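Reviewing the structure listed below.
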Amino acid sequence: MNVLITGGAGFIGSNLVHYLHDHRPDWKITVVDALTYAGNLHNISSLVDAGKVTFVKCDISDAESVHALFEKDQFEMVFHLAAESHVDRSIHSASEFVRTNVLGTQNLLDASLAVGVKRFMHISTDEVYGSLGATGKFTELTPLDPTSPYAASKASSDLLVEAFHKTHGLDTIITRCTNNYGPYQFPEKFIPLFISNAMEDKSLPLYGDGMNVRSWLYVTDHCDALLLLSEQGESGQAYNIGGDDDAEIPNKVVAEAICSALDKPSALIQLVTDRLAHDRRYAVDFSKIHQAVGWEPSVPFEDGLLRTIAWYQENRSWWEEIKSGDYRDYYERHYSGR
Ligand code: NAD
Ligand code: DAU
């Protein structure tokens, strides 16, 4: 199988590159990534340097480059993960989100149609459904009701994918996963931010009352679901992917677990001004994917969190380098005065 992974130098993308290389060693894998602030070639350099994965630096919003690449390489399957992915950044400025997440997706769909891609895996998010109250879960029939500009751009891309399936018969699958965590996650996101700040004895900025709930999934469980759906999922369908009931945890409890695992005082946790329009709770009903391909989460949150903490301890130079670069300016701008 000749496979393209977009966003393969980012968090989930790089984990997927390693996962597919390990589980489908005969697949020919090409990664396309613009290497924005969130992309890091180091995440996949062991495979790229060994000639096992091909890397192409390309901005998916550049239609000409995308078409040229597809014409040259004639991909059979696309795993589309490239995106602007951080809600807080989309609140500061939405334009990059529309450019990459909407126009970039359209370019990939056009190019896939032009060369006859056999399956287009669109990696979306449960955030397209909006926010839940204290009970209930998102199903695939829940109406799209995105809150943030990030979520709205992902919902728009989902609709484009559906339109290409309905109009042109392109073989597409949309996946909507809950919050991932694990190795190589950029330290602007909650779990790696809190782990790395705690390791540096810095404060842990918890938004609002700290009682927003996320449903956590260890990243390799997400990769497992994507591989299964790419081979056995039904064309034109959307599938929710997510943590089980035990993985639905208020942010404050996650923050306290991080402090405790690192033997740091929970006094490091500081309540700060809330995110604008902060979605209260996410949780998905994943019975559809379970019935279709037998998938369910395999890594309990307690184990996954300890594995993740160990990875950030063993790879301190990876995140220290990121935190000392441009990211420092973002951090100052975003958190000062909160
Ligand atoms: P990430 O921000 O870590 O990585 C995104 C990657 O896309 C980076 O390598 C970046 O360089 C690349 N990229 C950005 N703009 C690009 C462009 N114009 N052209 C080419 N490459 C570009 O994101 P992530 O957390 O790994 O998320 C990957 C995908 O999974 C996204 O589509 C996201 O919406 C979705 N998702 C993420 C989560 C999560 O919890 N992180 C959960 C569900 C779905
Ligand atoms: O649900 C899937 C989504 O999960 C993905 O589509 C997004 O790409 C991904 O970023 C993630 O979105 P969230 O907004 O849920 O993730 P984030 O890590 O930014 O925040 C998780 C929770 O922690 C959320 O309730 C906000 C809170 N938080 C976050 C940060 C960065 C804080 O309390 N303090 C912080 O500094």
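Here segment 19-98 yields Rg over Rh of 1.00, to two decimals, using C-alpha coordinates and the Kirkwood radius. Springs join every pair of Cα atoms under 10 Å in this Gaussian network model of the chain, and among GLN237, GLN291, GLN74 the largest mean-square fluctuation is at GLN291. The phi torsions of segment 308-314, fed into the Karplus equation with coefficients 6.51, -1.76 and 1.60 and a -60° offset, translate into couplings of 5, 4, 4, 5, 5, 6, 7 Hz, rounded to whole numbers, with Gly and Pro shown as x.
Each of ASP126, ASP224, ASP22, ASP73 was scored by other Cβ atoms within 10 Å of its Cβ. Arranged with the fewest first, they read ASP22, ASP73, ASP224, ASP126.
Summarising the amide proton neighbourhood of THR125: residues at separation of 5 or more, or on other chains, whose placed amide H is nearer than 5 Å comprise CYS177.
Where does segment 230-329 land on the Kirkwood hydrodynamic radius, alpha-carbon pairs, in angstrom? Intermediate values should be presented prior to the final figure.
On the way: mean 1/r = 0.0585 Å⁻¹.
This gives a value of 17.1 Å.
Quick one: which residues, 5+ away or cross-chain, put their amide H under 5 Å from the amide H of VAL31? H built at 1.01 Å from N. The list, which skips near neighbours in sequence, is ILE5, THR54, PHE55, VAL56. Using the Karplus relation 6.51 cos²θ - 1.76 cosθ + 1.60 with θ = phi - 60°, the per-residue 3J(HN,Hα) values for segment 31-46 come to 10, 10, 7, 7, 6, 6, 3, 8, x, 9, 4, 4, 4, 10, 5, 4 Hz, with x marking Gly and Pro.
Which pairs, out of LYS154/LYS323; LYS189/LYS264; LYS154/LYS288; LYS52/LYS323, put more than 24 Å between their alpha-carbon atoms? Walk me through the intermediate numbers first.
Details: LYS154/LYS323 27 Å; LYS189/LYS264 20 Å; LYS154/LYS288 21 Å; LYS52/LYS323 30 Å.
Those over the limit are LYS154/LYS323; LYS52/LYS323.
Over segment 154-218, the Kirkwood radius and the radius of gyration, each from Cα atoms, give a ratio Rg/Rh of 1.18.
Test of understanding: express the Cα radius of gyration of the chain as a ratio to 2.2 N^0.38 Å, with N the residue count.
Normalised Rg, Cα atoms only: 0.95.
For segment 158-289, the spread of Cα coordinates along the three principal axes comes to 55, 29, 25 Å, biggest extent given first. Just so you know, the Rg over Rh for segment 178-256 is 1.07, from Cα atoms, with Rh as the Kirkwood radius.
Provide the convex hull volume over Cα atoms per residue for segment 113-170, in Å³.
Working: hull volume 5.3 nm³, N = 58.
So the per-residue Cα hull volume is 92 Å³.
Read the figures in this text as sums done on the coordinates, not as results from a lab. All of these numbers come straight from a predicted model, not from anything done at the bench. Glycine gets a Cβ as well: all are built from the backbone with ideal geometry, and neighbour counts include every protein chain shown.
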